[in-house]
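Working notes, beginning with the structure itself.
Every number here is computed from the coordinates shown, using simple stated rules; none is lab data. Predicted, not measured: the structure shown is a model, and the values here were computed from it. When we count neighbours, we look across all protein chains shown, and the Cβ atoms used for this are built from the backbone with ideal geometry, even at glycine.
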Amino acid sequence: MSDEEKVSKIMFVNRRAPHGSIYAYEGLEVKLIMGAYDQDLSAIFMDDAVLALKKGQDTSELGVKEFSATFRVLEDYGIEKIYVVEESLKERGLGVEDLVIQPEVIPISRVAELMEQQDILLSF
Amino acid sequence: MKFSILILEGPYHHEAGDSAYRFVEAALRKGHEIRGIFFYHDGVYNVTKLMEPPSDDRNIAKRWSEIGAKGIDIVVCIAAAKRRGITPEVIVPNTRISGLGQLVEMAVDSDRLVTFGD
């Protein structure tokens, strides 16, 4: 880190489905590593990324790792603010009770304002 | 302005790396500073010296090596690289393999982090 120990506001913007591409999984790896760097971290799940948080996933027939449980430890890794977009949940027939974590549900109209407050956006 | 660059897509398959290269060239030409360039996801394939494109096409890895020769720090994520068989032996000169912590440091030490990817 630089000498002045500046704390940056970093938001992870998750928009992709958990499987079908590696963006979501490697995006999760970034979150776990960045937790060690004492920055002000948050994460937002929107569009198909809300499916990554769905309870009861079974990827055994896909032959790929099922990693939804890892989202439960994000808070322990310093990502204390986790948001999920209400419209993205509704469009997919989901409610917050269907998710492995209990993020703050926000309307899509608040996303721009939250992004505006950040120093760095990392999109996966 | 001080920029860091994050490249997420593979070479030839996607224009993200080409756009990033042009951005870096233009930024340098305008007198801006490039704090570092970080490759993640399939982006790690951009710097393998095993690539051998037809002679009438651009050599993407060679281009990045030339940018690195200007003293710009070019880092390939070790976790993404290991998964894809990119090792220190196969990357072009003036690039290096290191951890995601380097991305954090580049990002917080820059005025802007510019991502090239889908």
Across segment A:87-124, which residue is surrounded by the most Cβ atoms within 10 Å (Cβ to Cβ) among those that are of a type outside the set (A, V, I, L, M) and within 14 Å of another protein chain (Cβ to nearest Cβ)? A:Phe124
Among the numbered conditions (1) loosely packed, with under 13 Cβ neighbours inside 10 Å; (2) more than 14 Å from chain B (Cβ to nearest Cβ), tell me where A:Lys65 comes up short. (2)
Within segment A:87-97, residues within 14 Å of A:Lys54 (Cα to Cα) and touching a helix residue (DSSP H, G or I) at 6+ places or on another chain (Cβ under 8 Å) come out as A:Ser88, A:Leu89, A:Arg92, A:Leu94, A:Gly95, A:Val96
When residues of segment B:80-104 are filtered for being crowded, with 21+ Cβ neighbours inside 10 Å and either hydroxyl-bearing (Ser, Thr, Tyr) or at the interface with chain A (Cβ under 8 Å from one of its Cβ atoms) (or both), how many remain? 5
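Right, A:Asp76: under 24 Å from A:Ile106 (Cβ atoms) and more than 14 Å from chain B (Cβ to nearest Cβ) or not? Working first, answer last.
Numbers: under 24 Å from A:Ile106 (Cβ atoms): yes; more than 14 Å from chain B (Cβ to nearest Cβ): yes.
The answer is yes for A:Asp76.
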Have a look at B:Asp42, B:Asp18 and point out the one that is more than 14 Å from chain A (Cβ to nearest Cβ) and free of Cβ contacts under 8 Å to residues at least 60 places away in the same chain. B:Asp18
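Looking at segment A:103-116, is at least one residue at positive phi and in a loop (DSSP other than H, G, I, E, B)?
Checked segment A:103-116: no residue is at positive phi and in a loop (DSSP other than H, G, I, E, B).
Quick one: would you say A:Val50 is within 16 Å of A:Lys81 (Cα to Cα) and of a type in the set (Val, Ile, Thr)?
Numbers: within 16 Å of A:Lys81 (Cα to Cα): yes; of a type in the set (Val, Ile, Thr): yes.
Spelling it out, A:Val50 is indeed within 16 Å of A:Lys81 (Cα to Cα) and of a type in the set (Val, Ile, Thr).
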Across segment B:15-36, which residue is surrounded by the most Cβ atoms within 10 Å (Cβ to Cβ) among those that are in contact with a strand residue (DSSP E or B) (Cβ under 9 Å, 6 or more places away or on another chain) and in a loop (DSSP other than H, G, I, E, B)? B:His32
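Conditions (1) within 10 Å of another protein chain (Cβ to nearest Cβ); (2) small (Gly, Ala, Ser), marked per residue:
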site	(1), (2)
A:Pro18	no, no
A:Tyr23	yes, no
A:Gly56	no, yes
A:Thr59	no, no
